């Protein structure tokens, strides 16, 4: 069995860091630039843990098999070979959503969908309903090169927004974590608090299709959701010009004025400047301001900034290392890791 993780294209190395923190060491395969496969021997535990703790994954899928596919005609038999009645009830409506660019999507949907129906009829003599507009379960049909990956989408909408994923990617770039702070507020401080202090998103599991699957251990899911996870390990700050009006999700996050950057003691600083200040000139102005605030602060060790790709950050910071290119609100940007020393 596998879990399919839909991610922001090209971010797999950073997402793997999150996977290791949540699931431990796992076999991870890049299926496409925006899709990872994670081998799982316990779908109940792994899907629940990712639901509780992942912010870098956009969508999460359960894939019972990964099949070799030599031609489009193979899709029907490959789909029928999967024991769908052991995975979900015939009472649940479904739709097949082809995820391919090289093959006729209507043909893919018809062949895979018919394989699902015929397996139900063969095993149970009952036929699940197909609902293309509002299915209870969505079966994605990923076809990449010679691989066919049928996968049930575990969240009806996105598990995380692109903005949430980008903010988590910034957090994942951090190496120095004895104290961490966000410069201005775009949500990174909440993501960092959740990541380093094991703050679970327990309400999300109720929105997941995993609760509709038959091949899961519901007691294990309940036990994981009920467990007390939080560990107060890292102090998190948020530095803002509007510290009295900025709404922070967790009361443990310490609000400070932006001017306190001159002397506050933290090991790592993060900011999503493209999200907050998308204009080129404004962002240059903000970078200059941040540089002035940090010039005489000799406590911080690294900073991770998300900035526009068309801005030369070296004019402010001498030691800027590009981690990855990324788009924020459609604006070409970069995640940069800066070092003071």
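Bear in mind these aren't lab numbers, they're just calculated from the coordinates by the rules spelled out. This is a predicted model, so every value here is computed, not measured. So basically every Cβ, Gly included, is an ideal-geometry build from the backbone, and we count neighbours across all protein chains shown.
Quick look at the values:
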read-out: Length gained when the stretch residue 144-residue 280 is fully extended (0.36 nm per residue, less Cα-Cα span); value: 45.2 nm
read-out: Over the stretch 91-182, relative contact order from alpha-carbon pairs under 8 Å, at least 6 apart, %; value: 30
read-out: Least to most buried among 287, 275 (fewest other Cβ within 10 Å first); value: 275, 287
read-out: Normalised contact order of the chain, rounded percent, pairs of Cα under 8 Å and 6 or more residues apart; value: 15
read-out: DSSP beta bridge pairing in the stretch 2-153, given as percent antiparallel to the nearest 5; value: 75
read-out: Dimensions in Å of the stretch 131-209 - Rg and Dmax from alpha carbons; value: 17.1, 51
read-out: Nearest 10 degrees, 0 to 90: helix 280-294 Cα axis against the chain principal axis; value: 60
read-out: Extension gain from residue 319 to residue 289, taking 0.36 nm per residue of separation minus the Cα-Cα distance; value: 9.1 nm
read-out: Degrees separating the helix 188-197 axis from the principal Cα axis of the chain, which is the longest one; value: 70
read-out: Residues in the stretch 278-313 that a label on residue 256 would reach, taking backbone N under 20 Å of a point 7 Å out along Cα→Cβ; value: 286-306
read-out: Between helix 162-172 and the chain: long-axis angle, C-alpha atoms, 0 to 90°, nearest 10; value: 60
read-out: Residue exposure sequence - 243, 4, 292, 174 - by fewest surrounding Cβ within 10 Å; value: 292, 243, 174, 4
read-out: Paramagnetic reach from residue 1 in the stretch 67-96 [backbone N under 12 Å; point 7 Å along Cα→Cβ]; value: 86-88
read-out: Mean residue ellipticity (222 nm) of the chain, computed from DSSP H runs ≥ 4 via -39,500 (n - 2.57), nearest 500; value: -9000 deg cm²/dmol
read-out: Listed residues 327, 141, 129, most fluctuating in the chain (Gaussian network, C-alpha, under 10 Å); value: 129
read-out: Within a Gaussian network of the chain (alpha carbon springs, distance under 10 Å), most fluctuating of 228, 79, 267; value: 228
read-out: Rotationally averaged projected area of the chain (alpha carbon convex hull; nm²); value: 18.3
read-out: Sites residue 74 and residue 158, calculated FRET efficiency, Cβ-Cβ separation with R0 30 Å, nearest 0.05; value: 0.45
